[in-house]
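Before any comments, here is the structure.
The values are calculated or read from the model by the stated rules, or taken from the named source; none is laboratory data. Note that the coordinates shown come from a computational prediction; the quantities given were computed from them, not determined experimentally. In this analysis, Cβ positions are derived from the backbone assuming ideal geometry, glycine residues included, and neighbour counts consider all displayed protein chains. Each accessible area value is taken on the protein alone, full model and side chains, heavy atoms only, with ligands, DNA and RNA left out. Shrake-Rupley method; radii C 1.70, N 1.55, O 1.52, S 1.80 Å.
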Amino acid sequence: MRWAKTRPRVTYDLASSGLIPVTTRELLGDVAAADAFDISGPTDEGFVPLREAIAARYVTTADCVSIASGASGANFQAMLALLEPGDEALIETPAYDPLIAAARAAGANVVHFERSRSKGFTLDPYVVRTALTPSTKLIVISNAHNPSGAIASRDVLEQVGVMAEAIGARVLVDEVYAEAQHDESPLPTPAAALGGVFVSTNSLTKAYGLAGLRCGWIIASPALSARVREIRDVVDGSGPYVAERLALTAFEQIDRLRLRARKILAENLSIVRSMAQSNPRLEWLEPAAGTTAFPRIKGIDDTRDFVDRLIRDHDTIVVPGHFFQAPQHIRIAFGGPTELLREAVRRLDFALT
């Protein structure tokens, strides 16, 4: 995350994983601006109408929903609620580094299980089971997987849940990319709907292009949700009313925003796919969801030098794989403006020759 915030700024950006931002005009439409931009209101426990809107979308109740500052804030609050110092957190690898950092910030000892490249980075319940110990208190996964975009099925998640429940652990599922699907699948069901052993985190950031609202949430059992809200009391107290009110506006038209996202991602993914499948140096793995792909560059043990050269010589950037514990890979983000993406991909292709 430090690298992401301080990296060189280039014209052709394949490192930023968000979607093209929704403009104010796109979001508000016919909504009265005076109502949408009230700056004061009740958010002590999260703006209740927003919690109710999230609950309605995911077929749960508002007492199971807590609001946070983006998915990162949701993951941090959830881990503080779920972990005590000295607990063991079992986290996938490749992994989004802030998931690891959040567990460590909560005082946990982090151990890993592998999502194997040879198996398409799928979630393998057997691998999870062999990594469990009596000290495991939390299993942490992303679904869709960040960075590869692989999706774990309901059956696989249920198997992991049974294992966790048997040893008194819970399963945290970061679902921030889940709704950025690349087929016509229906809205995915949050893992938290599978039972109290699961906790789901999500936000409007990656899949909807609304990163500026910093609207994240946690779905969990009522008792755990109450604890999460108590945790927020000492993290940042409460969220800004204007952002939570605008987030409610977004939920009121979320299906339209989802269609917008699908259109952008479908065109952009086709551009990246076409280049990657034709380039002999890239080992392509098709993402099932999300705004990123995670190919391996053949013949390179660590892509950092390549990324530095890409920045320096081609005014283009991707994320080197060592940030995801997979140094032979690069993460290519494809949620940005299509014409810029097209040129960025052309430059990446040229740099690989």
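Of the residues Ile218, Ile139, only one is in a strand (DSSP E or B), closer than 15 Å to Tyr58 by Cα and touching a helix residue (DSSP H, G or I) at 6+ places or on another chain (Cβ under 7 Å); which?
Exactly one residue qualifies, and that residue is Ile218.
Within the range 153-191, restricting attention to residues that are of a type in the set (Gly, Ala, Ser) and closer than 13 Å to Ile141 by Cβ, which residue is surrounded by the most Cβ atoms within 10 Å (Cβ to Cβ)?
Ala191
Could you look through the range 149-168, keep only residues that are in contact (Cβ under 8 Å) with a residue 60 or more places away in the chain and touching a Ser or Thr at 6+ places or on another chain (Cβ under 8 Å), and pick out the one that is nearest to Tyr96 (Cα to Cα)?
Looking at the filtered set, the residue picked out is Gly149.
Would you confirm whether or not the range 10-17 contains a residue that is in contact with a helix residue (DSSP H, G or I) (Cβ under 8 Å, 6 or more places away or on another chain), of a type in the set (Val, Ile, Thr) and open to solvent by less than 50 Å² (accessible area, probe 1.4 Å)?
Yes, the range 10-17 contains at least one residue that is in contact with a helix residue (DSSP H, G or I) (Cβ under 8 Å, 6 or more places away or on another chain), of a type in the set (Val, Ile, Thr) and open to solvent by less than 50 Å² (accessible area, probe 1.4 Å).
Considering only the range 37-76, state which residues are part of a loop (DSSP other than H, G, I, E, B) and within 19 Å of Ala178 (Cβ to Cβ).
Tyr58, Val59, Thr60
If you take the residues of the range 304-346 that are in contact with a Ser or Thr (Cβ under 6 Å, 6 or more places away or on another chain) and over 19 Å from Asn279 (Cα atoms), which of them is surrounded by the most Cβ atoms within 10 Å (Cβ to Cβ)?
Among those residues, the one meeting the criterion is Gly335.
Name the residues in the range 274-295 that are in a strand (DSSP E or B) and in contact with a Gly (Cβ under 8 Å, 6 or more places away or on another chain), would you?
Ala289, Thr292, Ala293
Please state which of the following conditions Leu246 fails to meet, knowing it meets all the rest: (1) open to solvent by less than 10 Å² (accessible area, probe 1.4 Å); (2) in contact with a strand residue (DSSP E or B) (Cβ under 9 Å, 6 or more places away or on another chain); (3) outside any loop (DSSP other than H, G, I, E, B).
(1)
Conditions first: (1) under 18 Å from the mean Cα position of the chain (by Cα); (2) farther than 23 Å from Ser221 by Cβ; (3) outside any loop (DSSP other than H, G, I, E, B). Met79 passes all but one, so which condition is the exception?
Result: Met79 fails condition (2) only.
Looking at this structure, is Ala193 assigned to a loop (DSSP other than H, G, I, E, B), closer than 16 Å to Ile54 by Cβ and hydrophobic (A, V, I, L, M, F, W, C)?
The answer is no for Ala193.
Being closer than 21 Å to Gly149 by Cβ, part of a helix (DSSP H, G or I) and of a type in the set (Lys, Arg) narrows it down to one residue among Arg346, Arg342, Arg309; which is it?
Arg342
Is one or more of the residues making up the range 121-136 open to solvent by 10 Å² or more (accessible area, probe 1.4 Å), over 18 Å from Ala74 (Cα atoms), in a strand (DSSP E or B) and not β-branched (Val, Ile, Thr)?
Among the residues of the range 121-136, not one is open to solvent by 10 Å² or more (accessible area, probe 1.4 Å), over 18 Å from Ala74 (Cα atoms), in a strand (DSSP E or B) and not β-branched (Val, Ile, Thr), which makes the answer no.
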